[in-house]
Amino acid sequence: MHLRGVVLPDDEVRDLWVRDGLVSFEPVPGAETLCATGWIVPGLVDAHCHVGIRYGGGHETREGAIAQAVTERDAGALLLRDAGSPIDTHFIDEHDELPEIIRAGRHIARPKRYIRELGIELDDERDLPEIVAEQARFGEGWVKIVGDWIDRSAGDLRPLWSDAILKEAIDAAHANGARVTAHVFGEDALPGLINAGIDCLEHGTGLTDETIEMMVEHGTALVPTLINIDTFPSIADGAGKFPVYAAHMRDLHRRVRRTVADAHDAGVPIYTGTDAGGSIRHGRIADEIIALTGAGLSAHDALGAASWNARTWLDRPGIEHGAPADLVVYREDPRVAPAALSAPEYVVLRGRVHRSATPVTGHR
């Protein structure tokens, strides 16, 4: 296969070839030309999704999980960081036509302090380091803990863990070669998580100037999941028994784009995740990229947060000689024409075309 176009992020018009599923910078005689113009982008990354959680809630079937992965692939998301799934999705690795999944195992929470039946619930927080180490060995380099959730006795968001046990748990993950990320909406859990050495924060709606500065000092990444945060008003509408919590959620939603802009301006690494699964449908990576541009990122940086920069963060190659040919081709520059993000011209995974908007043009 042969492709010619503007290759991002370098903005260079280049010729690429694909041989045996790998990118080649050297010509391949007789290669079929897939495109002679366009913008060629390293395969997109959804850095926070849930393959295995059914839309609307509950455990997904094997067939349903495969359908979710197909939807992501066809949207151009060819690398998925699964931020917690109630089912073992390793069977997807047997399908060459499906995206690679980097798993974080199951969510780790406390009883009645997260969505029922999705996570591992610990009665005693002292078990957290052991369970984190176990999930680190089960996953692919990540562990996911629930940092805060509504405490109905208090009527608002509250941390789930003490600072000391967080430090032990994160150290245990690192000792087992895994990074740790945490679901966190509010403000109170953030200092303990960051000081304990957390590698990433999911959502991060409660960030302040102080905790943003702490993230910069510790090198903590942020995946804001803005299209998920847009559901906060409806969550608040359904929380009439907890008026303080409802008001808190509305306030977090109101200021989230300013919060993300402040984090970006301060130098916090930001990556794109949709939180697909449960309340968000799969295949919405384009919407999240566009949402980031409304939160202070340039169109180039927002696309990079879902492509070349995210791949580097997750230790996966971009468009390099000898790398897997995971590419998305757009007819227009997706940084100038955001609508193009939702309509890739071609999606190429491991050297095979899985979405084609136009016929192949010939040989070169």
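The values are calculated or read from the model by the stated rules, or taken from the named source; none is laboratory data. All values reported here derive from a predicted model rather than from experimental measurement. Note that each Cβ is placed from the backbone with ideal geometry, even for glycine, and that neighbours are counted across all protein chains shown. Keep in mind that these areas ignore ligands, DNA and RNA; they rest on the heavy atoms of the full protein, side chains included. Shrake-Rupley method; radii C 1.70, N 1.55, O 1.52, S 1.80 Å.
Quick notes on this structure:
- Where the chain is the region considered: accessible area per residue in Å², 1.4 Å probe: 40
- Computed about the Cα centre, the dipole magnitude for region 147-273 is approximately 440 debye when only Lys and Arg (+1) and Asp and Glu (-1) carry charge, each at its Cβ.
- Burial ranking of peptide ranges 41-54, 98-111 (average Cβ count within 10 Å, highest at the top): 41-54, 98-111
- In the chain, the calculated helix contribution to ellipticity at 222 nm averages -9000 deg cm²/dmol per residue, counting -39,500 (n - 2.57) for every DSSP H run with n ≥ 4.
- Region 141-207: C-alpha gyration tensor shape, a/c 1.5 cut-off, then a/b vs b/c: prolate
- In terms of Cα atoms, the Rg and Dmax of the chain work out to 20.6, 69 Å.
- In terms of Cα atoms, the Rg and Dmax of region 131-268 work out to 15.0, 44 Å.
- Span from the region 206-239 Cα centroid across to the region 290-317 one, whole angstrom: 17
- Signed unit charges on C-beta, dipole axis of the chain, positive-most listed residue GLY296, GLY204, ALA31: ALA31
- Under Karplus coefficients 6.51, -1.76 and 1.60, residue-wise ³J(HN,Hα) of region 313-324 in Hz, glycine/proline x: 4, 8, 6, 10, x, x, 8, 9, 4, x, 7, x
- For region 185-325, the Stokes-Einstein estimate of translational diffusion at 20 °C and a viscosity of 1.002 mPa s comes to 135 µm²/s, using the Kirkwood hydrodynamic radius over alpha-carbon pairs.
- Each semi-axis of the equivalent ellipsoid for region 205-251 is √(5λ) with λ an eigenvalue of the Cα gyration tensor; in descending order they amount to 27, 13, 6 Å.
- Neighbourhood net charge (12 Å Cβ-Cβ; Lys/Arg +1, Asp/Glu -1) for ASP11: -1
- Highest-fluctuation residue, PRO86, PRO344, PRO27 considered, GNM on the chain with Cα pairs under 10 Å: PRO27
- Annotation: extensible slack from ALA323 through LYS241 equals 24.2 nm (criterion: 0.36 nm per residue apart, minus Cα-Cα distance).
- When the charge dipole of region 56-161 is built from unit charges on Cβ atoms (+1 for Lys and Arg, -1 for Asp and Glu) and taken about the Cα centre, the candidate among ALA67, PRO86, ALA154 whose Cα reaches farthest toward its positive end is ALA154.
- For LYS241, the lysines whose Cα falls under 26 Å of its own Cα, not counting residues fewer than eight places away in the same chain, are LYS112.
- Among LEU327, LEU118, LEU79: highest mean-square fluctuation, GNM of the chain, C-alpha pairs under 10 Å: LEU118
- Phi angles of region 223-229 translate, via the Karplus equation with coefficients 6.51, -1.76, 1.60 and θ = phi - 60°, into HN-Hα couplings of 10, x, 6, 5, 6, 6, 4 Hz per residue; Gly and Pro are given as x.
- A Cβ-based charge dipole, computed about the Cα centre of region 29-187 with Lys and Arg at +1 and Asp and Glu at -1, lands at about 380 debye.
- Three-way shape label, region 262-329, alpha-carbon gyration tensor, a/c 1.5: oblate
- Potential lengthening between ARG352 and GLU125 on full extension [0.36 nm per residue; Cα-Cα distance subtracted]: 77.1 nm
- The orientation-averaged projection of the convex hull spanning the C-alpha atoms of region 61-115 amounts to 4.1 square nanometres.
- Within the straight-line cut-off of under 21 Å between alpha carbons, the lysines reachable from LYS167 are LYS144, sequence neighbours fewer than 8 places apart in one chain being disregarded.
- Percent RCO, i.e. relative contact order, over region 190-323, from Cα pairs under 8 Å lying at least 6 residues apart: 22
- The chain - share of DSSP beta bridges that are antiparallel (%, nearest 5): 50
- Residue (of PRO42, HIS264, ALA247) at the positive-pole extreme of the chain, dipole from beta-carbon charges: ALA247
- By definition, a body whose alpha carbon gyration tensor gives a ≥ b ≥ c is prolate when a/c is 1.5 or more and a/b is larger than b/c, and region 1-140 fits this prolate description.
- Element breakdown for region 266-364 at a 1.4 angstrom probe: carbon and sulfur atoms account for 50% of the accessible area.
- Ranked by the mean number of other Cβ atoms within 10 Å per residue, highest first, peptides 228-241, 306-319 order as 306-319, 228-241.
- Here the 3J(HN,Hα) profile of region 28-41, calculated from phi with Karplus coefficients 6.51, -1.76 and 1.60 at θ = phi - 60°, is 10, x, x, 5, 6, 7, 7, 8, 10, 9, x, 10, 10, 10 Hz, Gly and Pro shown as x.
- Simple Cβ-charge dipole of the chain, Lys/Arg +1 and Asp/Glu -1, about Cα centre, in debye nearest 20: 820
- Residues VAL28 and ASP333, FRET efficiency given R0 of 35 Å [Cβ-Cβ distance, rounded to 0.05]: 0.85
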